[in-house]
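None of the figures in this text is laboratory data; all of them are computed from the coordinates on show. None of the values given here were measured: they were computed from a predicted structure. With ideal geometry, Cβ positions are generated from the backbone for all residues, glycine too; neighbour counts draw on all protein chains shown.
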Amino acid sequence: MRGADDEPEDGTEPHPGAGTGDPDGQDRLWTPHRMAYIKGEGRPTGPHAEDGCPFCRAPGLDDPEGLVVARGETAYVVLNLYPYNSGHLLVCPYRHVSEYASLDEEETVEVAALTRAGLTALTEAYRPQGFNVGMNLGTVAGAGIAAHLHQHIVPRWGGDTNFMPVIGRTKVLPEMLEQTRATLAEHWPRG
């Protein structure tokens, strides 16, 4: 059964997935936005800031467009475009550096302060049961963008690891990134 052949003859609504080929009894969760990640769109072409670094580009955009949640003097907080969980934050220095030891004292202090504020905002907004916080330094350590240091803050809930990412290679997120950014900005600690 294909296309128009999927139309029921009795005038009722077609079954879910009608027109998508032979029915196989499987439900589909379409995530076309992930194709940009698969194709590597927006990834830097090299190790320098001018090679298309998204962490150098984001602070030059307005907050909603750049998914920037909070800004400091030497560092800022942005949502991960391809999050492990809803609310997955990245704390980045404005300066394009790859090594933690390359941060100056002010950057080190502000990355820590923004991390603490991120934990507070996530707790207020979403009540996670735990967090993963850390950095992947270098490509072999798992850094997707190794050229620009960034610290992950990943909120965790009991049962948030399920078959979807393992078998389906798909994350199910309950809200759009723009909504998450607005919620976290609203809950960001002041002062």
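Below are the figures for this structure:
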{"read-out": "Pair GLU50, GLU65: separation of 7 Å Cα→Cβ label points (nm)", "value": "2.3 nm"}
{"read-out": "Net lengthening on full extension, ARG127/ALA141 (0.36 nm per residue, minus Cα-Cα)", "value": "2.1 nm"}
{"read-out": "Calculated SAXS-style log₁₀ I(q)/I(0) at q = 0.20, 0.31 Å⁻¹ - the range 109-162, Debye, Cα scatterers", "value": "-0.81, -1.12"}
